[in-house]
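Undergrad: Okay, handing you the structure first.
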Amino acid sequence: MNTKDNKDTFIELLQSTGREGVNYVIEDLAKLGFFDAPASAGHHLNTAGGLVQHSLNVYKCAMMLRDQMDILSPGIKSECPDDSVIIASLLHDVCKSDIYKRTTRQRKNALGTWEPSEGYKCSYKDFPIGHGEKSVIMLLCSGLDMTDAEMIAIRWHMGAWEIPFQSIETQKNQDAAYEQYSLCTLIHAADLLAARLMEKSANDAEDF
Ligand SMILES: [Fe+2]
Ligand SMILES: [Fe+2]
């Protein structure tokens with residue numbers, strides 16, 4: 001993983017949208033530590049720069065899926081224009097910019113001996129408002145101009161993994177989001193495929 005190249009590509013792609021507020025977003029993400037953050041504490045891409053790598057993987061996956069799906073179901077491409085795919089995929093997880101802190105834990109090595117291991121711990125204390133919700137709110141606070149489809153795709157990118165099943169209203173909101181916006185389904189599918197297929201580590205495989 002080349003973190004410098006990834007950061008440059010991430011910024012170039014965002015700026016290519018010409019979207020109002022995009023440079024404020026880049027500034028705020030840099031201040032929060034987005035470009036050095038891991039994508040998770042203990043699973044996919046849990047190293048510095050992992051979050052940018054994950055965001056780029058979701059972008060690549062979303063573009064590939066959109067173009068292939070447009071062959072099977074013409075119209076998807078026009079419903080999900082390039083700038084919307086870039087905004088929603090690259091920025092869906094900005095909520096993770098400040099939740100991981102470096103820590104050292106005792107872990108057993110291959111010989112069964114305990115030894116210190118560098119890693120991350122996770123805390124939601126800074127702005128506990130929900131995963132997709134936090135990403136959308138952060139982007140709005142930075143001054144990014146987004147379409148409804150982009151905001152809704154970012155809000156619901158976790159799909160049913162994030163639904164409290166005792167809330168009918170939340171389920172109906174999510175149903176309406178997926179029914180109305182192809183971008184919503186596209187970003188959810190790309191996020192899942194990137195994390196599960198492109199970013200599976202040796203440690204993840206051992207966990208199963
Ligand atoms: Fe996420
Ligand atoms: Fe993600």
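Only the coordinates and a few stated rules stand behind these numbers; no lab work does. What you are looking at is a predicted structure, and each value in this text was computed from that prediction instead of being measured. Here the Cβ is made from the backbone with ideal geometry for all residues, glycine too, and neighbour counts use every protein chain on show.
Undergrad: Measure out, as a whole number of angstrom, how far apart the alpha-carbon centroids of the range 147-180 and the range 43-109 sit.
TA: 18 Å
Undergrad: What's the percent breakdown of Cα-Cα distances in the range 1-71 across 10 Å bins, shortest bin first?
TA: The calculated distribution, bin by bin, is 19, 45, 29, 7, 0.
Undergrad: Next question, about the same structure. Between beta-carbons, use under 10 Å as the cut-off and find the net charge around ARG66, counting Lys and Arg +1, Asp and Glu -1.
TA: Every neighbour counted, the sum reads -3.
Undergrad: Å³ per residue of the Cα convex hull, for the chain?
TA: Cα convex hull per residue, to the nearest whole number: 143 Å³.
Undergrad: Rounded to the nearest 0.05, what FRET efficiency do GLN180 and ALA30 give with R0 = 22 Å and r taken as the Cβ-Cβ distance? Could you check?
TA: That gives a FRET efficiency of 0.05.
Undergrad: Still on this structure, I have one more. Would you be so kind as to identify which of GLY132, LEU14, THR103 lies farthest towards the positive end of the dipole of the range 3-207, taking Lys and Arg as +1 and Asp and Glu as -1 on Cβ and the Cα centre as origin?
TA: THR103
Undergrad: Follow-up question, since we're still on this one. Tell me the label-point distance for the pair LYS4, MET64, using the 7 Å Cα-to-Cβ offset, in nm and rounded to one decimal.
TA: If labels sit at LYS4 and MET64, their model points lie 2.7 nm apart.
Undergrad: For ARG196 paired with GLU133, estimate the spin-label separation in nm (one decimal), with each label point 7 Å from Cα along the Cα-to-Cβ line.
TA: Here the answer is 2.6 nm between the modelled labels.
Undergrad: In square nanometres, what is the average projected area of the Cα convex hull of the range 81-131?
TA: If you wrap the Cα atoms of the range 81-131 in a convex hull and average its projections, you get 5.7 nm².
Undergrad: Where does the chain land at 222 nm, in deg cm²/dmol rounded to the nearest 500, when only DSSP H runs of n ≥ 4 count, each adding -39500 (n - 2.57), divided by all residues?
TA: Details: 10 runs with 113 residues, N = 208.
After summing the helix terms and dividing by residue count, I get -16500 deg cm²/dmol.
Undergrad: Here's another thing I want to ask about it. Please compare each pair in LYS96/LYS200; LYS60/LYS108; LYS172/LYS200; LYS7/LYS108 to a cut-off of 30 Å on the Cα-Cα distance and tell me which ones are over it. Working shown, then result.
TA: Values: LYS96/LYS200 19 Å; LYS60/LYS108 36 Å; LYS172/LYS200 32 Å; LYS7/LYS108 34 Å.
Correct reply: LYS60/LYS108; LYS172/LYS200; LYS7/LYS108.
Undergrad: Something else: Could you compute Rg(Cα) / (2.2 N^0.38 Å) for the range 47-103, with N its residue count?
TA: Expressed relative to 2.2 N^0.38 Å, the Cα Rg reads 1.38.
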